[in-house]
Structure formats: C-alpha cells, structure tokens
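Trainee: Quick one: this structure, given as structure tokens, is what I'll be asking you about.
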Amino acid sequence: MTNDANAAAFGEVVYGNAKKMRDFIVITLGTGLGSGIFANGELIYGHDAMAGELGHISIDKEGRLDGLGIKGGLEAYVSSTGLKRTIFELLSDSISDSELRNYSFNNLHGEYITKAAENGDEIARAAFEMTGKILGEQLANFVAFSQPEAIFLLGGLAKSGKWIFEPTQKHLEDNLLPHYKGKVKLLPSGMLDKNVAILGAAALVWNQHNH
C-alpha cells in the first residue's frame with residue numbers, strides 16, 4: 001500500500017519520463033498537493049511509510065487552512081483548489097472585469113481558468129503567476145534536500161501547461177542555491193494524459209516483482 005503520489009513516482013520510472021533517473025520528485029497537483037521523492041534510486045518511504053507530505057509544509061502561519069487543518073499549508077495555495085481560492089481572493093480585492101466572475105466556486109473548473117488566461121483575463125493570469133511563484137519558491141527549498149535531477153508536475157493544475165510551468169520555472173531558478181542553478185529540470189509528467197492511478201498501481205506491482 002502507498003499513497004497516490006508515491007505510486008505516481010513509480011509510474012514515472014516505469015511508464016513516464018524518469019526511466020533512467022535515480023533522483024527526482026513527482027508533485028501531484030489535484031484537489032491537494034501530493035509528492036513522491038526518489039533518491040539514490042529508491043522511493044523515500046520514511047519511518048512509518050508517511051514520508052513526502054510536502055503539501056502540508058506551512059508557508060504562512062497566519063495563512064489559509066489546508067486539508068489537514070494546517071495554517072498556511074502549501075496545498076491551500078498550490079493545487080487546483082488553491083488556484084480557485086486565489087482567483088476568488090483576487091476577484092474580491094479587485095473590481096476589474098473578468099469572465100471568471102460568472103462562476104460560483106464549485107462550478108469553476110481548471111480548464112475555464114486556463115481558457116480565461118489564454119483570452120487575456122488579468123485575474124486568471126495573476127492567479128497563475130502567484131501560484132507559480134509560491135510553487136517555484138518551495139520547489140527550490142525541496143531541491144536542497146535531495147538534489148533531484150528533475151521535478152515532474154502531474155495532475156489537473158499541470159494541465160494548464162505554460163501558465164503554471166513558466167512562472168514556476170522562473171521562480172524555481174531564481175531561488176535555487178548557487179550550486180544547483182541550471183541543474184534541475186522542471187518537466188511535465190510522462191503520464192499527464194494517462195490514467196495515473198492504474199499506471200502507478202501497475203508500476204508498484206512491477207517494483208515488488210523486481211525486488
């Protein structure tokens with residue numbers, strides 16, 4: 001048994017873009033933020049098999065509550081849900097026109113936000129920039145732990161393409177320690193448009209069989 005982000009990390013090795021990598025991190029960006037960390041060719045499980053809860057690192061002790069009730073938990077800002085929360089924050093702080101004002105929170109889906117950004121919507125673009133800034137800054141911190149060759153983004157928010165990848169890449173590179181600069185790739189998962197749950201589970205079976 002393992003969580004979905006750890007299974008996704010195995011999936012990346014067997015079916016995705018990490019086939020020859022020994023050190024990488026998979027970040028799943030869905031309703032929350034999950035993470036699977038490969039180091040020295042092995043998944044990091046931790047003492048009680050609960051390692052890699054990077055979505056619950058607090059980035060602001062006075063900040064938003066995340067899914068586990070952590071104040072300022074990263075996933076409250078960086079996830080499909082976090083992006084929506086940022087959109088509504090920006091909408092309430094501004095009176096500028098935005099097509100996103102036509103949606104309720106529950107009816108606002110990621111593809112609508114991406115489409116709005118493509119249409120030049122200032123609120124959508126600002127929300128992606130804020131989200132990518134936070135993600136890039138925190139990924140730079142995570143790099144200091146295991147110095148991954150690559151970080152893969154997976155899940156609904158990653159499907160926004162350049163809107164999330166470009167600001168994340170910029171802020172990751174800007175915040176890396178000098179000896180890591182230019183050495184860490186930010187990549188889309190090789191399973192971005194596939195059934196990750198099935199591929200991850202299959203990869204787990206493959207891993208058990210090969211051990």
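Just so it is clear, none of the values below were taken in a lab; they were calculated from the coordinates. The structure displayed is predicted, hence computed values, not measured ones. Cβ atoms come from the backbone with ideal geometry, glycine included; neighbour counts cover every protein chain shown.
Trainee: For a footprinting-style exposure proxy, rank K170, K61 by other Cβ within 10 Å, fewest first.
Mentor: Lowest count first: K61, K170.
Trainee: Still on this structure, I have one more. By count of other Cβ within 10 Å, fewest leading, how are T131, T28 ordered?
Mentor: Ranking T131, T28 by Cβ neighbours within 10 Å, fewest first, gives T131, T28.
Trainee: Residues with beta-carbon under 14 Å from that of S79, excluding S79: net charge, scoring Lys, Arg +1 and Asp, Glu -1?
Mentor: Once positives and negatives cancel, what remains is 0.
Trainee: Distance between the C-alpha centers of the range 1-80 and the range 107-186? Whole Å please.
Mentor: Each part reduced to its Cα centre gives a spacing of 15 Å.
Trainee: Test of understanding: in a Gaussian network model of the chain with alpha carbons linked when under 10 Å, which of S160, S79, S104 would top the mean-square fluctuation ranking?
Mentor: Maximum among the listed residues: S104.
Trainee: So which lysines can K183 reach, going by Cα to Cα under 29 Å and dropping same-chain residues fewer than 8 places off?
Mentor: Here the lysines satisfying the reach criterion relative to K183 are K19, K20, K133, K159, K162, K170, K194.
Trainee: Still on this model: Give the shape of the range 84-130 as rounded, prolate or oblate, defined through the alpha-carbon gyration tensor: a ≥ b ≥ c are the square roots of its eigenvalues, a/c under 1.5 means rounded, and otherwise the shape is prolate if a/b is larger than b/c and oblate if not.
Mentor: Here the range 84-130 falls in the rounded category.
Trainee: Name the most mobile residue of D48, D174, D23, meaning the one with the largest mean-square fluctuation, in a Gaussian network model of the chain with Cα contacts below 10 Å.
Mentor: D48
Trainee: Percent antiparallel among DSSP beta bridges with both residues in the chain, to the nearest 5?
Mentor: Bridges in the chain that DSSP calls antiparallel: roughly 55 percent.
Trainee: Given the options A49, A117, A39, state which has the largest fluctuation in a GNM of the chain using a 10 Å cut-off (strictly under) for Cα springs.
Mentor: Judging by the Gaussian network model, the answer is A49.
Trainee: Right, here's the next one. Around E118, with a cut-off of 15 angstrom between Cβ atoms, what is the net charge of the other residues, counting Lys and Arg +1 and Asp and Glu -1?
Mentor: Summing Lys/Arg as +1 and Asp/Glu as -1 gives -2.
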